[in-house]
Structure formats: structure tokens, C-alpha cells
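Student: Once you've had a glance at the structure underneath, I'll fire off some questions.
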Amino acid sequence: MTLQDPRPTVVVTGAAAGIGRTVAEAFAGTEAPGGTAATVFAIDRNAAGLDSLAAASPTVVPVCADLTDPPFPARMAGLVADAGGRVDVLAHVAGRYRAGTLSGEGEGEGEGEGESGGAAALAELFAVHVTAPSLLTQALLPALERAAGAVVMVSSTFGHRASRTAHGYAATKAAVESLTRSWAIELAPRGIRVNAVAPGPTETGILAASGMDRDAVTAQRAAERERVPLRRLGRPDEIAGWIVALARPGWTTGQVVSVDGGLSHA
């Protein structure tokens, strides 16, 4: 990553809301490498959310797309090439939540009790959390290498902690952490660093998006507050701050940073 470059290029997935939006806003402000506003390719399926983000941040380039669409990585690589052919930061923030157990029973232990999933839910989780980030990173490798860039993944406390009610979600987040370590070793000789942030329960809309009704979300969030040693949920900006920090030039690679109010040790 060359700090003398006038405007870094950042790619953020899941950028229309929650943690991803906060990350995009930070990089479009003064938190980008070099302390200048970055050109931020903000990717999401939510066109309205992207439009409002771009309206507030003139350096944001909205990209309305489904990450799991097979042609998308090549399309994104083309957009980056047209913008100068470099990626200083690739932040994989997009996520889905689906509860699911072998017995189909939930015990209220996870980040939510969304609709239990079978084959379709498992396929969706792996597509969003594992396959799509892998293929997008692969497509952007030349641009990342040109910038000596950084890749930041988003895992979860369940990436390294068992879940009674969200087996598939936990498995995909464990895969994210494994990819983080493996990519870090592979890409280090090319000057690319790879790290991950593992949030605990955070104030986002992920539970509602999983199909939970308002009362269920409220009850689940209350239960989560009781389990977190600091007795509150995280804020999107608290997670985004670590994503931004790991994207800055440095000697850190292959690490998973837990930002969970102490939940990993509870």
C-alpha cells in the first residue's frame, strides 16, 4: 500500500447497512490509508441503501449486485481496472444468518433463532461467507498486489466457539477464519496482508433479515446482553474501527481479532 497515492481504492461488500455501511463511510472519509478519502466501491443487493450512502459520500461508487452471482467477480475486476487497476483494501463484510440444527430444534443460544435451514440454507451460508469472498479475492488479486493491499474478513465469535442452534452459520465462520490464515501465508510473498475481525452480538439488522419477528429479536438481544461480560451489544462503529485498523499498512497478517465484549472467554 503506497501512502503517496492521492486516492486509495477500497472495495466493501455488504455496504448498504450495518457494519459494512459504517466501514464504507469511514473509508470514504479520512480513515483510508494515507488519511485521505478513498474511492469506495460499495457492493450490496440493497439499491436504496447504496443510493443513500453514495448521496452522503461523493467518493462512493455504488455497485448493486448479488455477490453469489457467478459473473460478478469478473465484473468487479473490470470496474476496478477501469478505475486504475489497484485495490488498497478489500473488506468482506457481507453476511447472512440462518439458524439450524440436526434435530431442527432451537434453544435460543445463538445470534438468533431464524428459520431453521436445510440444504438451501446451508448452501446460501457457504455461498455468501466462503465461495463469494474466495472468488472475488481471486479476481482482484492483481489489483491487490499492485497496491500491496490488505484483505479484511468478517468472522464471528461462532467462528471459534460452538453453537447449539446455528451449526451452519458457525461452520462457515470457522471456514472464514481458516481462509484468513491460509490466504495470509499464500499471499504474504506478494505483499498482501489478510486478517479478520470476529464480532460478538452487534446492533445490526441481521436477525430481522433472517426472518425473526420483532418480539423474537428483542428477546434474543436481551439474552445476548446477559451473556456478554460487558453486558451490552457491540455497535457497528466499534467493529468497523478494527476493520479499518487492520487495513492500514503494518506487519500484522493471518490474525483473527475478537471484538465481542469478552464473550469468547465467558
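Student: How much length is gained on full extension from residue 56 to residue 7, taking 0.36 nm per residue of separation minus their Cα-Cα distance? Before the final figure, lay out each step's value.
Tutor: Working: separation 49, 0.36 × 49 = 17.64 nm, distance 1.81 nm.
Here the segment from residue 56 to residue 7 would lengthen by 15.8 nm.
Student: If you average the sequence gap of Cα pairs under 8 Å that are 6 or more apart and divide by the length of segment 142-266, what percent do you get for the contact order?
Tutor: Dividing the mean separation by the residue count of segment 142-266 yields 34 percent.
Student: Using a basic spin-label model with each label point 7 Å from the Cα along Cα→Cβ, how many nm lie between residue 138 and residue 47?
Tutor: Distance between the two pseudo-spin positions: 3.0 nm.
Student: Just to be sure I understand: with springs between alpha-carbon atoms less than 10 Å apart, which residue in 175, 166, 247 has the highest mean-square fluctuation in the Gaussian network model of the chain?
Tutor: 175
Student: Could I ask something else about it? Taking other Cβ within 10 Å of each residue's Cβ, how do 82, 44 sort, fewest first?
Tutor: The fewest-first ordering by Cβ neighbours comes to 82, 44.
Student: Full extension from residue 66 to residue 214: what is 0.36 nm times the residue separation minus their Cα-Cα distance, to one decimal in nm?
Tutor: Details: separation 148, 0.36 × 148 = 53.28 nm, distance 2.63 nm.
Difference between extended and current length: 50.7 nm.
Any read-out appearing in this document is the output of simple, stated calculations on the displayed coordinates, not a laboratory observation. Source: prediction; values computed, not measured. Positions of Cβ are backbone-derived with ideal geometry, glycine not excepted, and every protein chain shown enters the neighbour counts.
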